[in-house]
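For reference, the structure discussed in these notes is given below.
Taken together, the values in this text are just the output of simple stated rules run on the coordinates, not laboratory data. Here the structure is a predicted model, which means the values were calculated and not measured. Cβ atoms come from the backbone with ideal geometry, glycine included; neighbour counts cover every protein chain shown.
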């Protein structure tokens, strides 16, 4: 059976200034001198730091962006293309985060087009899915999440082109997390959908969990079947906290 390579990714969102590179350096030091984690480590800083981070990043930390435009160039003031991201030296890009879907009205079709652009230029897409609190309360979690999985993955994508990040919207930054069984159920349903589409290769696609992941709950969450890592928000801003989550892969 194909087993996905685990990844712990930090999404810095709209946080960080030039002196924040010290946190990248500190994290690299912890990774280099400590017991090697059985996972890949990724930081996604804001666009203003992307080039600096990508140029300075050590081999122990990959760098990604938080969004890209669906077009390769053109009259799109304020937007960044996948080619521009690749040009900085970054290797990943987050696509369709719930804050992009909510704040910017990104539909599954837009997410798919952005993922297609990222994959075409050689970036690995982290495609985000997740339900809101009202959808959860209405018992729509699986129908919402699986429709996002189906419609957000480009039709011509291969299993090596992307990973999925499940983030229940109501758990992001709130300190609330689903039960372990809730996480297991959603990830199992996503896995089945991936296997249905990509057959055996679908077993090798990483599915990350995100939503108030922190050092105190990382062990429990990362041990759930079909959870192949984490997409971490606030706890990734400080090297020590982020390294505490990575510790789940040093056991």
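Here are the numbers:
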{"item": "Tally of residues being in a loop (DSSP other than H, G, I, E, B), touching a strand residue (DSSP E or B) at 6+ places or on another chain (Cβ under 9 Å) and under 21 Å from residue 15 (Cα atoms) across the range 208-251", "result": "5"}
{"item": "Identity of the residue in the range 172-181, surrounded by fewer than 16 Cβ atoms within 10 Å (Cβ to Cβ) and in contact with a helix residue (DSSP H, G or I) (Cβ under 8 Å, 6 or more places away or on another chain), that ends up farthest from residue 100 (Cα to Cα)", "result": "180"}
{"item": "Condition met for residue 111 (in a helix (DSSP H, G or I) and in contact (Cβ under 8 Å) with a residue 24 or more places away in the chain)", "result": "yes"}
{"item": "Residue that is farthest from the chain's Cα centre (by Cα) [pool: residues in the range 71-87 that are within 20 Å of residue 58 (Cα to Cα) and surrounded by fewer than 24 Cβ atoms within 10 Å (Cβ to Cβ)]", "result": "87"}
{"item": "Selected residue [touching a strand residue (DSSP E or B) at 6+ places or on another chain (Cβ under 6 Å), in a loop (DSSP other than H, G, I, E, B) and buried (at least 19 other Cβ atoms within 10 Å of the Cβ)] from 90, 118, 125", "result": "90"}
{"item": "Test: residue in the range 57-75 that is assigned to a helix (DSSP H, G or I) and in contact with a strand residue (DSSP E or B) (Cβ under 8 Å, 6 or more places away or on another chain)", "result": "no"}
{"item": "Out of 208, 221, 231, 194, sole residue that is buried (at least 19 other Cβ atoms within 10 Å of the Cβ), closer than 17 Å to residue 148 by Cβ and touching a helix residue (DSSP H, G or I) at 6+ places or on another chain (Cβ under 7 Å)", "result": "194"}
{"item": "Subset of the range 141-171 [farther than 21 Å from residue 93 by Cα, surrounded by 15 or more Cβ atoms within 10 Å (Cβ to Cβ) and out of contact with any helix residue (DSSP H, G or I) (no Cβ under 7 Å at 6 or more places or on another chain)]", "result": "171"}
{"item": "Subset tally (residues that are without any contact (Cβ under 8 Å) to a residue 40 or more places away in the chain, part of a loop (DSSP other than H, G, I, E, B) and buried (at least 20 other Cβ atoms within 10 Å of the Cβ)) for the range 16-56", "result": "1"}
{"item": "Residues within the range 94-108 that are in contact (Cβ under 8 Å) with a residue 40 or more places away in the chain and crowded, with 19+ Cβ neighbours inside 10 Å, tallied", "result": "6"}
{"item": "Filter result for residue 164 (closer than 14 Å to residue 4 by Cβ and touching a strand residue (DSSP E or B) at 6+ places or on another chain (Cβ under 8 Å))", "result": "yes"}
{"item": "Neighbours by Cβ (under 9 Å, 6+ apart or cross-chain): first from the range 74-89, free of Cβ contacts under 8 Å to residues at least 24 places away in the same chain and at positive phi; second surrounded by 14 or more Cβ atoms within 10 Å (Cβ to Cβ) and outside any loop (DSSP other than H, G, I, E, B)", "result": "74/81"}
